[in-house]
1. If you check Asp372 against the conditions, is it under 19 Å from the mean Cα position of the chain (by Cα) and not assigned by TED's automatic domain parsing to the domain that holds Glu115?
2. Consider Ala75 carefully, then state whether it is closer than 30 Å to Ala148 by Cβ, in contact with a Cys (Cβ under 9 Å, 6 or more places away or on another chain) and either of a type in the set (A, V, I, L, M) or modelled with pLDDT of 95 or more (or both).
3. What number goes with the only condition from (1) outside any helix (DSSP H, G or I); (2) closer than 25 Å to Arg234 by Cα that Thr129 does not pass?
4. Looking at the stretch 327-349, which of its residues are among the hydrophobic types (A, V, I, L, M, F, W, C), surrounded by fewer than 20 Cβ atoms within 10 Å (Cβ to Cβ) and under 39 Å from the mean Cα position of the chain (by Cα)?
5. Restricting attention to the stretch 478-505, which residues are more than 26 Å from the chain's Cα centre (by Cα), modelled with pLDDT under 95 and crowded, with 17+ Cβ neighbours inside 10 Å?
6. Return only the number of the condition from (1) among the aliphatic types (A, V, I, L, M); (2) modelled with pLDDT of 95 or more; (3) surrounded by 19 or more Cβ atoms within 10 Å (Cβ to Cβ) that Met258 does not satisfy.
7. Counting only residues that are in contact with a helix residue (DSSP H, G or I) (Cβ under 6 Å, 6 or more places away or on another chain), among the polar types (S, T, N, Q) and either in a helix (DSSP H, G or I) or assigned by TED's automatic domain parsing to the domain that holds Ala397 (or both), how many does the stretch 478-534 have?
8. Starting from residues that are among the aliphatic types (A, V, I, L, M) and under 24 Å from Ala239 (Cα atoms), keep the ones in the stretch 166-190 and report whichever is surrounded by the fewest Cβ atoms within 10 Å (Cβ to Cβ).
Amino acid sequence: MTEYRAPIRDMRFAFEEVLGSVSHYDAVYPEAGVDSDTIAAIMEERAKFCENELVPLYRSGDEQGCTITDGVVTAPDGFRAAYEAYCEAGWPSIAGHEEFGGQGLPPSLGSMLQEMNVSANHAFSMYATLSEGARETIEAHGTDAQKALYLPKLVDGTWTGTMCLTEPQCGTDLNLVRCRAEPNDDGSYALHGTKIFISAGDHDMADNIVHIVLARLPDAPAGTKGISLFIVPRHHVNADGSVEEARNVQTGSIEHKMGICGNATCVLNFDGSKGYLIGEPHKGLRAMFTFMNSARMGVALEGVAHGELGLQKSRAYALERLSGRAATGPVNPDGPADPIIVHPDVRRMLLTQMALTEGSRMLSYFCNKQVDLTLHAQDADSRAEANDLLAYLTPVAKAFATESAFESANLAVQVFGGHGFIREWGVEQNVRDVRITMLYEGTTGIQALDLLGRKVLRPGGEALGGFRDMVQSFCDEQAGNAAMAEFITPLRGLHDRIDGLAQDIAEKAQANPNEVAAAAVDYLMASGYYTLAYFWARAAKTAQDALAAGTSEQDFYNTKLAVARFYMQRLLPRADTHISVLGVGCESLMGLPDDAFAV
């Protein structure tokens, strides 16, 4: 069975060559001293950790899962030791503020490294990544006292964090939140209610867990304008930093899940649990979006990681598995059959995995660069431009990268044939694990509504405008470059078509409000193919430049050109189908009466 190996060369191609991260760091983080050698050294060490510590726990963690005894959750064997090694190596503190014990490296560098964690062991990775969201939320909205009390432990990994939104009656629609927070005499609050589906909600890997919880104050107005945000630690933390032994939050149960079984997804009961308000009363949802946006970008990278895992397993199997003969004549004449890599349909599947995974990687890394700029760009215009790009690209990256990853994982099963349905090859686990990413932090449909309804159709359409201008500028720059015509022509063609789609939908919605929701997913998927076309065109230009400069890695760069060509010719036309559907309208969706669906 092929085990995951970190694709450092592919990652560095996207991160450094296509996206220019070193010059980006020189401009935005000059004091950090992050050069190409530094990036390489950090990536090599992270790869060793993931391959040596996390990969061996991939299958065993899935098969053993988490257990709960008397309200206490235990992670699978080996997880605690691996997490202790993770913390001892300083990995949780990579992008943490130096004021709180962090290493002060750029957030985009830390995010890029998370891809390796997820590919190696998605279930394990979530214990650490959710802590980063909790840390960022407290950094952005907490008081100085809260930061001093919680951030050092979150930064060094001694404590982990969670995000507590969902309740039994309340998923995406946060208007329905019932968890309540009653004021105590000492300025704290007593929280009452139940939260479900809380990833890493309880475990034995860290000394404490810091829950970030949405709840309502007694005087809260109805709806989302009446939600506040609270820090509620599993074990209460006193002002001097000491931790009380008794549990402040009770674990009711753990979910029995389809995948990521090594991560404890918990039902948490808040029965007078002591918590502390973050930010202003009744404005908790705005504060929670710090966590949610961080999580959405994290989930996009989870998609990239699962796509990579499916690709690696497929590629190795296709080169070794013998079956049939090449149509053009035997390539393995001394053997009983040829490796299946010779068959066009197997190549179709492998190239699809490569194009979607590497394209999604470039998109995700680009988004994380924009996060750097929103935090540290020197001028307000640059920060505003990055915010607009993120507004448009975050729902695209989250939804399209995960939809693509699920396709890649399923293609791996298809490449393996019947063996893909058997557990020991690991590809069926990848399908089970990746499936949740299309649901996390808002389903594909919710991301699509956010993109079309809140971002593109808002007054002025600024979110789409920034990315549209970037594509237009690139196409104009390459207009006279004959070598780039095969990449620029299809990109420009889709660019010109997608520009007016939103306006057509808006006009139809004036007659029927269902038109926006009916069009949203197809609009998002068309936008995803459009976005990846831009990044593959940039990748092709990068590869051409390297070949022209006489690189010693000709095979590597010629492969990038071949995959870019495959994407433009074989995958980008999928956008045409989505655009055609957008022209149909919502009648075929909404024409059937509700009771016609009853059994």
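1. Yes.
2. Here the answer is yes, as Ala75 does meet what is asked.
3. The failed condition is (1).
4. Answer for the stretch 327-349, where residues must be among the hydrophobic types (A, V, I, L, M, F, W, C), surrounded by fewer than 20 Cβ atoms within 10 Å (Cβ to Cβ) and under 39 Å from the mean Cα position of the chain (by Cα): just Ile341.
5. Leu501, Ile505
6. All conditions pass for Met258, except number (3).
7. Residues meeting the conditions: 3.
8. Ala190
The values are calculated or read from the model by the stated rules, or taken from the named source; none is laboratory data. This structure is a prediction, so every number in the text was calculated from the model and none was measured. Because the Cβ atoms are built from the backbone with ideal geometry, glycine has one as well, and the counts that use them run over all protein chains shown.
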